[in-house]
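For reference, the structure is listed below as structure tokens.
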Amino acid sequence: MSDQIDRPTWRAGDVPVSARFDDPYYSLEDGLAETRHVFLAGNDLPTRLRPGFFVAELGFGTGLNLLALAECASSAGVSGVRYCGFEAYPLPREDLTRALAAFQTLSPWRDALLDVWNPDGFEAVVGPVEVRMIRGDARATLATWDGAADAWFLDGFAPARNPELWEAGLMAEVGRHTRPGGSFATYTAAGAVRRALAAAGFAVERRPGFGRKRHMSVGRLEG
């Protein structure tokens, strides 16, 4: 299964860059600040968090977004948050460890994640978050998933480099697996992605992006 594992190269010290997609896993400027701006604030978290609140993510990657969610829920005093990440090309444990080493403020949840990490998929509790990682092509695994999210982190590699994770059919599945009034947030403002999400039922809004990115996208499921 070596062809289904991503062995990254490294840039700017310890920022992992996908060898498969030639794209960084998180911002070269400040990965955690980007996550907080795009995925947490973009989904109006922690304001909406409550026990049972369900976050799903396309592209588990390094788990940085999950750890930021755990920190967010812990700071808000909310437990029982649920999370499911879909990942086709998981990182080996040693690369995951290196990719997360710099984020010392996340260490309580980072260490818990590393303790249970299994690239073939796993279920565990990481601080206040009940976690599941589903391995495989999201175009197949999401269609058969029996869950529904209150918020989506859409964090695949750039649409130009990883178009499969932004296909209109997959965005339609995101809409079908979102609870009424649920939301999404993503760093990309690519027109094709925005149109696909609008077609999936979301009221899509463009907002200021993080760092050098002028714009990002958020949305709420209508009706």
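The values are calculated or read from the model by the stated rules, or taken from the named source; none is laboratory data. All values derive from a computational prediction rather than experimental measurement. Every residue, glycine as well, gets a Cβ built from its backbone with ideal geometry; the counts of neighbours run over all protein chains shown. Just the protein is used for accessible areas: all its heavy atoms, side chains included, with ligands, DNA and RNA removed. Shrake-Rupley method; radii C 1.70, N 1.55, O 1.52, S 1.80 Å.
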Problem set entry | Leading residue at positive end of dipole, the range 84-212 (Cβ point charges), from Gly147, Tyr89, Thr178 | Thr178
Exercise. Assigning unit charges at the beta carbon (Lys, Arg +1; Asp, Glu -1) and nothing else, what dipole magnitude in debye, to the nearest 20, does the range 97-223 show about its Cα centre?
Worked result: 740 debye
Exercise. Tell me, Kirkwood radius of the range 119-223 from alpha-carbon pair distances, in Å?
Worked result: 14.5 Å
For this session: Please express the shape of the range 1-91 as an equivalent ellipsoid: the semi-axes are the square roots of 5 times the eigenvalues of the C-alpha gyration tensor, given largest first in whole angstrom.
Result: 27, 16, 9
Problem set entry | Cα shape, the range 47-92, gyration tensor, a/c 1.5 rule | prolate
Seminar exercise, completed: Between the modelled labels at Thr47 and Thr9 (7 Å from Cα along Cα→Cβ) the distance in nm is 4.2 nm
Seminar exercise, completed: Using the Kirkwood formula on alpha carbons, the hydrodynamic radius of the range 102-148 in angstrom works out to 12.2 Å
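Calculate, for the range 78-182, the solvent-accessible area per residue in square angstrom, rolling a 1.4 angstrom probe over the heavy atoms of the protein chains.
Numbers: 4310 Å² over 105 residues.
Accessible surface, normalised per residue, equals 41 Å².
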Seminar exercise, completed: Expressed in angstrom and rounded, the centroid-to-centroid distance over alpha carbons for the range 154-214 and the range 1-43 is 18 Å
Seminar exercise, completed: For the range 35-93, the accessible surface attributable to carbon and sulfur atoms (probe 1.4 angstrom, ligands and nucleic acids excluded) amounts in percent to 48 percent
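Using unit Cβ charges (K, R positive; D, E negative) and no other charged atoms, how large, in debye to the nearest 20, is the dipole of the range 1-73 about its Cα centre? Mind dumping the intermediate values first?
On the way: 6 positive and 11 negative charges, 51 e Å.
That gives the range 1-73 a dipole magnitude of about 240 debye.
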For this session: Springs between alpha-carbon atoms under 10 Å, Gaussian network over the chain: tell me which of Pro163, Pro24, Pro46 tops the mean-square fluctuations.
Result: Pro163
Problem set entry | Overall dimensions of the range 63-197 by Cα: Rg and Dmax, Å | 15.1, 40
Problem set entry | Distance histogram for the range 90-129 (every C-alpha pair counted, 5 angstrom bins, percent rounded to whole numbers) | 5, 24, 32, 26, 12, 0
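For the range 101-181, which semi-axes, largest first and in whole Å, follow from the square roots of 5 times the eigenvalues of its Cα gyration tensor?
26, 16, 13
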Exercise. Order of 115-124, 57-66, 34-43 by packing, highest average Cβ count within 10 Å first?
Worked result: 57-66, 34-43, 115-124
